[in-house]
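Q: The structure under discussion is supplied below as structure tokens; questions concerning it will follow.
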Amino acid sequence: MKKNNNWIFPVAFLIFIIFWKFISGEEDLKNNYPNIVLVMTDDQGWGQTGYYNHPLLKTPNLDLMAKSGLRLDRFYAGAPQCSPTRASVLTGRNNDRTGVFYHGYSLNKNEVTIAQELKKIGYNTGHFGKWHLNGIRGPGVPIFKDDEYSPGEFGFDDWISVTNFFDINPIMGDNGIIKEYRGSSSEVIVKQALNFIKKNVDNSKPFFTVIWDGSPHDPFVASEDDKVGFENLDKKSREHYGEIVAFDRSIGVLRKGLKEMGVEKNTIIWYCSDNGGLKNISPSTVGGLRGNKNTMWEGGLRVPAIIEWPETIAPGITKYPASTMDIFPTILEIVGLYPNNKYSNLDGKSITNLFEANKHKRTLKIPFRHDNRGALIDNNFKLIAHDIEKLEFELYDLSNDPTESTDISKSNSQVFELMKNEFMIWNNSVDKEVNAMKFNHPKHWVIIEKYIKYFDQWINRPEYSRWIGRALKKEGPGYQNFGPLK
Ligand SMILES: [Ca+2]
């Protein structure tokens, strides 16, 4: 008797269809991976953009970007200081967990970075500008090839980077080789980043480009043209604001460059600053918020931020609280790596829900810990610990009190106790990681042999002369000034 095999064909066909759908779904995403550009300024305060109606400063290029992208009005730097925030961008984790306790600390080698993850799925990755995650203090010097903590060691294929802040006509490490560049720091790195982008566009490769500017960090040096309109300011403020004008122009060059290459529609540009605004600059840098850089007040943590992705994100403004710790999970979700992959102890969460019309309330609180100070943000509630060891906490309601003037911990004791407990549990989880890690304290480059070799060549460079002079006389501060340790 002949067996009835009629079922084989339909079942095989069904299996084929499911399999094909699965494969082609992955293929679609792969063929359409967005390009990603992260742009970060250094010390630009929350109030220092045209689109927040600054009384003097004009930022036409940022304003255009804010109009066509998603403007995040409550975006937080992961820490109120440079290196710690940079660590939080690359890892999605609080800075203390990564060994970057203060400026100049190196990022622990066992951290997983966005660049490493994106490389695995075929992205080309590049870093341009300030790095400040390699354990070196002092004004930015070129990063060498043999640097154990160079961008190349953390997943970047191509890099033109300096250890720290840099200014007009900088020398930088081009994949570890010293090269001299002409122009403002913003102009220089955007130009180099566009060369990298062009190479990838020509090869049809998705790219991940990190542009970390040295402006408007001190020393403040702007060109005459960029200081027009600031004549009535004191010299320091005039130069500082001039640097933001140069940065803004570089944003225009970047957006225009992407357009000319025809890739702007499927390119995400995520712009933000690395910490809050500076003191002693006029007009104020923080747009009416309390506190400045290096404090847990809003003025120290809240920074301007925009995500532009023309193909996917409708223009808009959101007050949803988010932070630089959300960049890692958000980007990895966009490319399909998160949450399928397990990443240990992330402190951020993906904010792709903001790209859709339905914006939910944030459920995961935003934790901060830096230099024995802490904070925890739960939508409008903000818990602050000025001294974690002494358990000194305060509570603010940012919806009624955006300037954090009234501590409501007594009148809202229930919320206060809950948030305090949650912060302490989180703080213990950070302690556990810190206690298990090995780390080195940062060093100023003037005491590192491979840099001492360049003293003769560099002593007349304006950005280095003071430091080299002091080092030759072996006197501080600056010489062997390690600053606060963990
Ligand atoms: Ca900074």
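Q: Per residue of the range 219-236, in order, report the coupling 6.51 cos²θ - 1.76 cosθ + 1.60 (Karplus, θ = phi - 60°) as ³J(HN,Hα) in whole Hz, putting x for Gly and Pro.
A: x, 8, 9, 10, 6, 4, 4, 6, 9, 5, x, 10, 4, 8, 8, 5, 4, 4
Q: Still on this model: Give the cross-link partners of LYS67 among the lysines, using a straight C-alpha distance below 20 Å as the criterion and excluding same-chain residues fewer than 8 apart.
A: LYS58, LYS256, LYS259, LYS265, LYS319, LYS359
Q: Would you please give the residues with an amide H less than 5 Å from that of GLN48, counting only those at least 5 places away or on a separate chain, with H modeled from the backbone geometry?
A: The answer is none.
Q: I would also like to ask the following. Listed highest first by mean packing, meaning other Cβ atoms within 10 Å per residue, what order do 43-51, 306-314, 371-379 come in? Don't jump to the answer; show the numbers that get you there.
A: Values: 43-51: 25.1, 306-314: 18.2, 371-379: 21.0.
Highest to lowest by the protection proxy: 43-51, 371-379, 306-314.
Q: Run the numbers for ILE452 and ASN280: contour at 0.36 nm per residue of separation, minus the present Cα-Cα distance, in nm. Please report the intermediate quantities before stating the final value.
A: Values: separation 172, 0.36 × 172 = 61.92 nm, distance 3.36 nm.
Full-extension gain reported as 58.6 nm.
Q: Give a residue-ordered list of calculated ³J(HN,Hα) values for the range 133-147 (Karplus: 6.51 cos²θ - 1.76 cosθ + 1.60, θ = phi - 60°; whole Hz; x for Gly, Pro).
A: Karplus values, whole Hz, x for Gly and Pro: 10, 10, x, 10, 9, x, x, x, 10, x, 8, 8, 4, 7, 5.
Q: Turning to a different aspect of this structure: Among THR324, PRO142, GLY336, which residue has its Cα furthest toward the positive end of the charge dipole of the chain, with +1 on Lys/Arg Cβ and -1 on Asp/Glu Cβ?
A: In the chain, that residue is GLY336.
Q: If we sort 101-110, 59-68 on the protection proxy, mean other Cβ atoms within 10 Å, highest first, what's the order?
A: Numbers: 101-110: 20.9, 59-68: 19.2.
Descending mean neighbour count gives 101-110, 59-68.
Q: Also: Excluding residues fewer than 8 places away in the same chain, name every one of the aspartates and glutamates whose C-alpha is closer than 17 Å to that of LYS199.
A: ASP157, ASP158, ASP174, GLU260, GLU264
Q: Considering Cα pairs under 8 angstrom that are at least six residues apart, work out the relative contact order of the range 166-259 and quote it in whole percent. Intermediate results must be reported in sequence, preceding the final value.
A: On the way: 103 pairs, mean separation 25.9, N = 94.
Averaging sequence separation for qualifying contacts and normalising by length gives 28 percent for the range 166-259.
Q: Let me ask something additional. When the Karplus curve 6.51 cos²θ - 1.76 cosθ + 1.60 is applied with θ = phi - 60°, which whole-Hz ³J(HN,Hα) does each residue of the range 109-115 get, with x for Gly and Pro?
A: For the range 109-115, the Karplus-derived couplings read 5, 7, 6, 9, 9, 4, 4 Hz, x marking Gly and Pro.
Q: While we're on this one: Specify the inter-centroid distance of the range 93-135 and the range 245-263, based on alpha-carbon positions, in whole Å.
A: Centre-to-centre distance over Cα atoms comes out at 25 Å.
Q: OK, next. Can you give the helix-only mean residue ellipticity at 222 nm for the chain, where every DSSP H stretch with n ≥ 4 adds -39500 (n - 2.57) and the sum goes over all residues, rounded to the nearest 500 deg cm²/dmol? Walk me through the numbers before you get to the answer.
A: Numbers: 12 runs with 147 residues, N = 486.
Dividing the helical sum by the residues of the chain leaves -9500 deg cm²/dmol.
Q: Amide H of SER323: which non-local residues (sequence gap of 5 or more, or other chain) have their own amide H closer than 5 Å, using H built in the peptide plane?
A: Under 5 Å from the amide H of SER323: TYR76.
Q: Counting pairs of alpha carbon atoms under 8 Å apart in space and at least six apart in sequence, what relative contact order in percent does the chain give? Could you put the intermediate results ahead of the total?
A: Details: 1036 pairs, mean separation 100.8, N = 486.
The value is 21 percent.
Q: Taking R0 as 56 Å, what's the FRET efficiency between ALA436 and ASN6 from their Cβ-Cβ distance, rounded to 0.05?
A: About 0.35, to the nearest 0.05.
Q: Amide H neighbours of THR125 under 5 Å, at least 5 residues apart or on other chains, H built in the peptide plane: list them.
A: ASP157, ASP158, PHE208
Q: Treat every Asp and Glu Cβ in the chain as -1 and every Lys and Arg Cβ as +1, leave all other atoms uncharged, and give the resulting dipole magnitude about the Cα centre to the nearest 20 debye. Walk me through the intermediate numbers first.
A: Values: 60 positive and 59 negative charges, 166 e Å.
Dipole magnitude for the chain comes out near 800 debye.
Q: Based on DSSP, what percent of beta bridges with both residues in the range 52-202 are antiparallel, to the nearest 5? Write out the running numbers ahead of the final one.
A: On the way: 8 of 13 bridges.
Around 60 percent antiparallel, to the nearest 5.
Since every read-out is calculated from the coordinates, none of them should be taken as a lab result. Quantities reported herein were computed from a predicted structural model and do not represent experimental measurements. So basically every Cβ, Gly included, is an ideal-geometry build from the backbone, and we count neighbours across all protein chains shown.
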